[in-house]
1. Is it true that residue 79 is farther than 15 Å from residue 9 by Cβ and of a type in the set (Lys, Arg)?
2. When the stretch 158-172 is examined, which residues are found to be in a loop (DSSP other than H, G, I, E, B) and either surrounded by 13 or more Cβ atoms within 10 Å (Cβ to Cβ) or touching a Ser or Thr at 6+ places or on another chain (Cβ under 6 Å) (or both)?
3. Among the residues that make up the stretch 107-128, is at least one of them surrounded by 14 or more Cβ atoms within 10 Å (Cβ to Cβ), of a type in the set (D, E, K, R), over 27 Å from residue 33 (Cα atoms) and touching a strand residue (DSSP E or B) at 6+ places or on another chain (Cβ under 7 Å)?
4. Do we have any residue at all in the stretch 147-157 that's under 21 Å from residue 36 (Cβ atoms), without any contact (Cβ under 8 Å) to a residue 60 or more places away in the chain, of a type outside the set (S, T, N, Q) and touching a Ser or Thr at 6+ places or on another chain (Cβ under 9 Å)?
5. Out of 20, 27, 36, I need the residue that is surrounded by 15 or more Cβ atoms within 10 Å (Cβ to Cβ), touching a residue at least 40 places away in the same chain (Cβ under 8 Å) and of a type in the set (D, E, K, R). Which one?
6. Please work out which residue is modelled with the lowest pLDDT, limiting yourself to the stretch 138-156 and to residues that are loosely packed, with under 15 Cβ neighbours inside 10 Å and small (Gly, Ala, Ser).
7. Would you check if residue 133 is of a type in the set (A, V, I, L, M) and within 16 Å of residue 100 (Cα to Cα)?
8. Check residue 69 against each of (1) under 30 Å from residue 5 (Cα atoms); (2) modelled with pLDDT of 95 or more and name the one condition it does not meet.
Amino acid sequence: MGMADRQRLFFALWPDKPVRDALLRLRRHLPAVSGRPTHREDLHVTLAFLGSVDADRQRCVETVADGIAAPSFDLVIDRFGYWARPRILWCGPSDTPEALGRLVGELQADLTDCGFEPEDRPYAAHVTLARKAEKMTFPAFDPSVSWPVREFVLVASRSGGEPPRYEVLRSWRLTEGA
């Protein structure tokens, strides 16, 4: 089985156009953003990073996702942040909704059946706005972005390096009002 049969995969929340436009408006409110801004089509919230996955393991991963029964929820993006070590400028929620925490926990726990190790770091929902960015002073966050999350997706990194860098392979609905 060659490298061609493997894909770099992750589970994510993928914004629809109104949410994506709102996220882009947020980025425009910032002082000049240094570094490499995330391509508009690539804005997302990672749920679980899987890394390089072969076809058999991908089938296992999709079966796990088929078995997830989690409620839909609203994600309120209301703050900017910066991580110095990876030099990432991001925005995210001040509070992680309980339903999001449960979805991530369930995915991580069930993915162990496919041989994945759960993340040992606490989960931090965020949208990467730019990589290789310099630290900056953030303006007031206004208005917040309300993101109605109704599904989660499996995403592959495209090869070639030209943005957009990601492609949604499959999506799973979250249950309404569960």
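The values are calculated or read from the model by the stated rules, or taken from the named source; none is laboratory data. From a predicted model like this one, the values you see are computed outputs, not experimental measurements. Every residue, glycine among them, receives a Cβ derived from its backbone with ideal geometry; neighbour counts consider all protein chains shown.
1. Working: farther than 15 Å from residue 9 by Cβ: yes; of a type in the set (Lys, Arg): yes.
The answer is yes for residue 79.
2. Pass one, the stretch 158-172, residues in a loop (DSSP other than H, G, I, E, B): 158-165.
Residues satisfying the conditions are 158, 163, 165.
3. No, the stretch 107-128 contains no residue that is surrounded by 14 or more Cβ atoms within 10 Å (Cβ to Cβ), of a type in the set (D, E, K, R), over 27 Å from residue 33 (Cα atoms) and touching a strand residue (DSSP E or B) at 6+ places or on another chain (Cβ under 7 Å).
4. Start the filter on the stretch 147-157 by keeping residues that are under 21 Å from residue 36 (Cβ atoms), which leaves 155-157.
Adding the requirement that they be without any contact (Cβ under 8 Å) to a residue 60 or more places away in the chain leaves none.
The answer is no, given that none of the residues of the stretch 147-157 is under 21 Å from residue 36 (Cβ atoms), without any contact (Cβ under 8 Å) to a residue 60 or more places away in the chain, of a type outside the set (S, T, N, Q) and touching a Ser or Thr at 6+ places or on another chain (Cβ under 9 Å).
5. On the way: 20 fails: touching a residue at least 40 places away in the same chain (Cβ under 8 Å); 36 fails: surrounded by 15 or more Cβ atoms within 10 Å (Cβ to Cβ).
27 is the lone residue from the list that is surrounded by 15 or more Cβ atoms within 10 Å (Cβ to Cβ), touching a residue at least 40 places away in the same chain (Cβ under 8 Å) and of a type in the set (D, E, K, R).
6. Ranking the qualifying residues of the stretch 138-156, first place goes to 140.
7. On the way: of a type in the set (A, V, I, L, M): yes; within 16 Å of residue 100 (Cα to Cα): no.
No.
8. All conditions are met except number (2).
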